[in-house]
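Please read the structure below before turning to the comments.
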Amino acid sequence: MNIILLGPPGAGKGTQAGHLVETRDMVQLSTGDMLREAKTSGTEMGNMVADVMARGDLVTDEIVIGLIREKLSRENKGGFIFDGFPRTLEQADALEQLMSETGQSIDHVIELRVNDEVLVDRIVGRAEDARKAGQPVRADDNEESLKIRLMAYYKQTSPLIGYYYAKGMLKQVDGLAEINAVQTSIAAVLDA
């Protein structure tokens, strides 16, 4: 089973993906993690990523699709969780084409719905809790950075909600519920 988790920064996509990796033996495909891994891999694709990142340029969609293609051909287990990809309609089309080429498909698209004000409070609280516990705080876990990230999400990624809704693939889950309740809601979608 292959799924896409959609939602703004801080909605809990990574947390929920981690749970699915543990409980369903799925493989999480986080583009940020894949780029960091590729950069140090020494492979041809990894060297391209390292070169682009060293110049301070953005990694192209073609490179990201190439990394995903490599992952799809190597690891399968219980399926894939696309976390942070696609981010644009162009990427969604490229992913659909790649899945078709590899004889796979996206089975579910799950949107973690959140209220922006509550989300900002959640992220600021998470940073404060980490600070109090003496743990590292993400540099972008503050109100100003989150608002910039939310604006980018709404400009680039939110059109995917309509895209997948029109394809009859979109399911919505309350991303502000307790973690266990969100897990239960996602399981209900996957088991339906």
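The values are calculated or read from the model by the stated rules, or taken from the named source; none is laboratory data. Only a predicted model underlies this, so the values are computations on that prediction, with no experimental measurement involved. All Cβ positions, glycine included, derive from the backbone under ideal geometry; neighbour counts span all protein chains shown. These accessible areas exclude ligands, DNA and RNA; they are computed on the full protein's heavy atoms, side chains included. Shrake-Rupley method; radii C 1.70, N 1.55, O 1.52, S 1.80 Å.
Please state the charge dipole magnitude for the chain, taken about the Cα centre, from unit charges on C-beta atoms (+1 on K and R, -1 on D and E), reported in debye and rounded to the nearest 20. Kindly include the intermediate steps, with their values, before the conclusion.
On the way: 21 positive and 30 negative charges, 33 e Å.
Value, rounded to 20: 160 debye.
For the chain, set up a Gaussian network in which alpha carbons nearer than 10 Å are linked by springs, and say which option among 129, 25, 61 fluctuates the most.
Maximum fluctuation in the GNM of the chain, among the listed residues, is at 129.
Between 14, 56, 84, where does the largest GNM mean-square fluctuation fall for the chain, given springs only between Cα atoms within less than 10 Å?
Result for the chain, Cα springs under 10 Å: 56 fluctuates most.
Can you give the accessible area per residue of the range 57-192, in Å², using a 1.4 Å probe?
Normalised by residue count, the accessible surface of the range 57-192 is 57 Å².
Summing -39500 (n - 2.57) over the DSSP H runs of n ≥ 4 in the chain and dividing by its residue number, what mean residue ellipticity at 222 nm do you reach, to the nearest 500 deg cm²/dmol?
Calculated mean residue ellipticity at 222 nm is -17500 deg cm²/dmol.
Using the Karplus curve 6.51 cos²θ - 1.76 cosθ + 1.60 with θ = phi - 60°, work out ³J(HN,Hα) for each residue of the range 178-192 in order, rounded to whole Hz, and write x for Gly and Pro.
Those phi angles translate into 4, 3, 5, 5, 5, 4, 5, 5, 5, 4, 5, 5, 5, 8, 5 Hz.
How many angstrom lie between the C-alpha centres of the range 1-31 and the range 67-94?
A separation of 12 Å, based on Cα centres.
With springs only between Cα atoms under 10 Å, which of 168, 78, 12 fluctuates most in a Gaussian network model of the chain?
Largest GNM mean-square fluctuation: 168.
Near the amide H of residue 6, under 5 Å away, which other amide H atoms are found, from residues 5 or more places off or on another chain, if H is placed in the peptide plane?
HN-HN under 5 Å from residue 6: 110, 111, 112.
Name the lysines eligible as straight-distance cross-link partners of residue 39: C-alpha to C-alpha under 21 Å, and not fewer than 8 places from it in the same chain.
Within the straight-line cut-off, residue 39 pairs with 71.
Using a 1.4 angstrom probe on the protein heavy atoms only, line up 155, 171, 13 by accessible area, largest first.
Sorted by accessible area, descending: 155, 171, 13.
With a 1.4 Å probe and all protein chains left in place, how much of the accessible area of the chain comes from carbon and sulfur atoms, in whole percent?
Carbon-and-sulfur percentage of accessible area, whole number: 50.
For residue 80, which sequence-distant residues (separation of 5 or more, or a different chain) have an amide H within less than 5 Å of its own amide H, given hydrogens modelled in the peptide plane?
It is 2, 3, 27, by chain and number.
If you average 1/r across every pair of different Cα atoms in the range 30-127 and take the reciprocal, what Kirkwood value do you get, in Å?
Answer for the range 30-127: a Kirkwood hydrodynamic radius of 15.3 Å.
Where the only charges are on Cβ atoms (+1 Lys, Arg; -1 Asp, Glu), what is the dipole of the range 1-84 about its Cα centre, to the nearest 20 debye?
Its charge dipole is roughly 160 debye.
For residue 105, what is the net charge nearby, where nearby means another residue's Cβ is under 12 Å from its Cβ and Lys, Arg count +1, Asp, Glu -1?
On the way: positive: 167; negative: 96, 101, 107.
After counting each charged neighbour, the total is -2.
For Cα extents along the principal axes in Å, which listed value, [x] 54, 33, 28; [y] 44, 42, 32; [z] 67, 37, 25, comes from the coordinates shown?
Given [x] 54, 33, 28; [y] 44, 42, 32; [z] 67, 37, 25, the structure-derived one carries the label [y].
Compute the relative contact order of the chain as a whole-number percentage, counting only Cα pairs closer than 8 Å that sit 6 or more residues apart in sequence.
Working: 239 pairs, mean separation 58.3, N = 192.
Relative contact order comes out at 30 percent.
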